[in-house]
Amino acid sequence: MTTLSKNAVGRIEHTIDTLDLRQALLMQLSLDRHATFQVGDPVPPFWHYLYFNPQIRHSDLGPDGHEQLGRFIPDFGLPRRMWAGGRVSIDAPLRLGEAVEKTSTIRAIEEKSGRSGRLCFVTVDHDFSVDGAHRLRETQNIVYRAAPAPGSIPPPGKPAPDDAQFTRVVTADPVLLFRYSALIFYGHRIHYDSDYTRDIEGYPGLVVHGPLIASLLIQLGLDHLGSRSLTAFDIRAMAPLFANAPFTLEGRWTPEGADLWARRPDDTIAMTIALEAVP
């Protein structure tokens, strides 16, 4: 591990935000639902991404529209950032209208060399509390890598399971991606700038946000868990999904809760989530 990485491990950042009702209502409308939330309602799992967004000046953004590294997470000299998933453990739900404190801690940094060159894996723990009482923890995994060589071909994906017990087909159009980017105050251009996405980052189309896919998958699972209460879930992002390309949310029940996955148009997996629930 480099000195830069060693010095960053253990770094802590505190943020306080009020879980504004309007933000959740706008998310409902963006997902083509009726706006029904009221103050005091639980925030749906993974909707905390609507809040606690870093207050970054426009001049502090990088050429990709993302926050420049160096403020909290070090600058590794690797321009591509991928949200790779993580784990969320729930002690009690966050509720709309509450003032919540978020404490973020860089827990680990691991540097490796892979098929595509140098990689840096960062693990960040986010703890959420209300009036000193812990509510939930998200362990976030982020991967930084070099820009891919022109014409490089991504590795083949993992085939999706064929034993789904419940499914839902979704098409994320550019308007949904734009609205979600606005709701989470996230400027990464791969979600709304087609020319940049194609010509600079080499994707065939606008990329669907990982947290948006996770939110949709979790909701599919909750719709089929009945009265059971969600206590934790593990997320693994494996491959991108793209705007206007229909994908399928799929799942099956397990003794612990449910296994969920997002099926790409080529029948490979984009993301998996394992839900844990109790009666």
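The values are calculated or read from the model by the stated rules, or taken from the named source; none is laboratory data. All of these numbers come straight from a predicted model, not from anything done at the bench. Cβ sites come from the backbone with ideal geometry, for glycine too, and all protein chains shown count toward neighbours.
Return the pair list, or none, for Cβ contacts closer than 8 Å from residues in the range 30-45 that are under 20 Å from L94 (Cα atoms) and of a type in the set (S, T, N, Q) to residues that are in a loop (DSSP other than H, G, I, E, B) and at pLDDT 95 or above, at least 6 apart or on different chains.
If the second residue must be in a loop (DSSP other than H, G, I, E, B) and at pLDDT 95 or above, the pairs left are Q38/L96.
Across the range 58-94, which residue is farthest from C120 (Cα to Cα) among those that are part of a loop (DSSP other than H, G, I, E, B) and of a type in the set (G, A, S)?
The residue in question is A92.
In this structure, does D259 turn out to be touching a residue at least 12 places away in the same chain (Cβ under 8 Å), of a type outside the set (G, A, S) and surrounded by fewer than 17 Cβ atoms within 10 Å (Cβ to Cβ)?
No: the conditions fail for D259.
Condition check ((1) surrounded by 12 or more Cβ atoms within 10 Å (Cβ to Cβ); (2) of a type outside the set (S, T, Y); (3) within 18 Å of the chain's Cα centre (by Cα); (4) part of a strand (DSSP E or B)) across all residues:
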| position | (1), (2), (3), (4) |
| --- | --- |
| K6 | no, yes, no, no |
| T15 | yes, no, no, yes |
| L25 | yes, yes, no, no |
| Y49 | yes, no, yes, no |
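Looking at (1) among the aromatic types (F, W, Y); (2) within 14 Å of T167 (Cα to Cα); (3) in contact with a helix residue (DSSP H, G or I) (Cβ under 6 Å, 6 or more places away or on another chain), can you tell me which one Y203 breaks?
(2)
I'd like to check something: does the range 103-116 contain any residue that is hydrophobic (A, V, I, L, M, F, W, C) and within 25 Å of V208 (Cα to Cα)?
no
Give me a count of the residues in the range 176-190 that are in contact with a strand residue (DSSP E or B) (Cβ under 6 Å, 6 or more places away or on another chain) and within 23 Å of T272 (Cα to Cα). Step through it out loud before you land on a result.
Filtering the range 176-190 for residues in contact with a strand residue (DSSP E or B) (Cβ under 6 Å, 6 or more places away or on another chain) gives 187, 190.
Among the residues that remain, those that are also within 23 Å of T272 (Cα to Cα) are: 190.
Selection size over the range 176-190: 1.
Could you list, in sequence order, the residues of the range 135-184 that are at pLDDT below 95 and exposed (fewer than 13 other Cβ atoms within 10 Å of the Cβ)?
A149, P150, G151, S152, I153, P154, P155, P156
Here's the yes/no breakdown for (1) out of contact with any Lys or Arg (no Cβ under 7 Å at 6 or more places or on another chain); (2) at pLDDT 95 or above; (3) over 15 Å from F46 (Cβ atoms):
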| site | (1), (2), (3) |
| --- | --- |
| P246 | yes, yes, yes |
| G251 | yes, yes, yes |
| T268 | no, yes, yes |
| I273 | yes, yes, no |
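Results for (1) charged (D, E, K, R); (2) in contact with a strand residue (DSSP E or B) (Cβ under 9 Å, 6 or more places away or on another chain); (3) crowded, with 19+ Cβ neighbours inside 10 Å, shown as yes or no for each residue.
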site	(1), (2), (3)
L69	no, yes, no
F76	no, yes, yes
M82	no, yes, no
R87	yes, yes, no
T103	no, yes, no
I109	no, yes, yes
V122	no, yes, yes
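Can you tell me how many residues in the range 126-146 are among the small types (G, A, S) and more than 21 Å from the chain's Cα centre (by Cα)?
Filtering the range 126-146 down to residues among the small types (G, A, S) leaves 129, 132-133, 146.
Retained after the next criterion (residues that are more than 21 Å from the chain's Cα centre (by Cα)): 132-133.
Result for the range 126-146: 2.
If the Cβ limit is 8 Å and pairs must be 6+ apart or interchain, which residue in the range 81-105 that is under 19 Å from H14 (Cα atoms) and free of Cβ contacts under 8 Å to residues at least 12 places away in the same chain pairs with which residue that is aliphatic (A, V, I, L, M) and outside any strand (DSSP E or B)?
none
Answer with yes or no whether D32 is assigned to a loop (DSSP other than H, G, I, E, B), within 21 Å of the chain's Cα centre (by Cα) and among the charged types (D, E, K, R).
Against the criterion (assigned to a loop (DSSP other than H, G, I, E, B), within 21 Å of the chain's Cα centre (by Cα) and among the charged types (D, E, K, R)), D32 qualifies.
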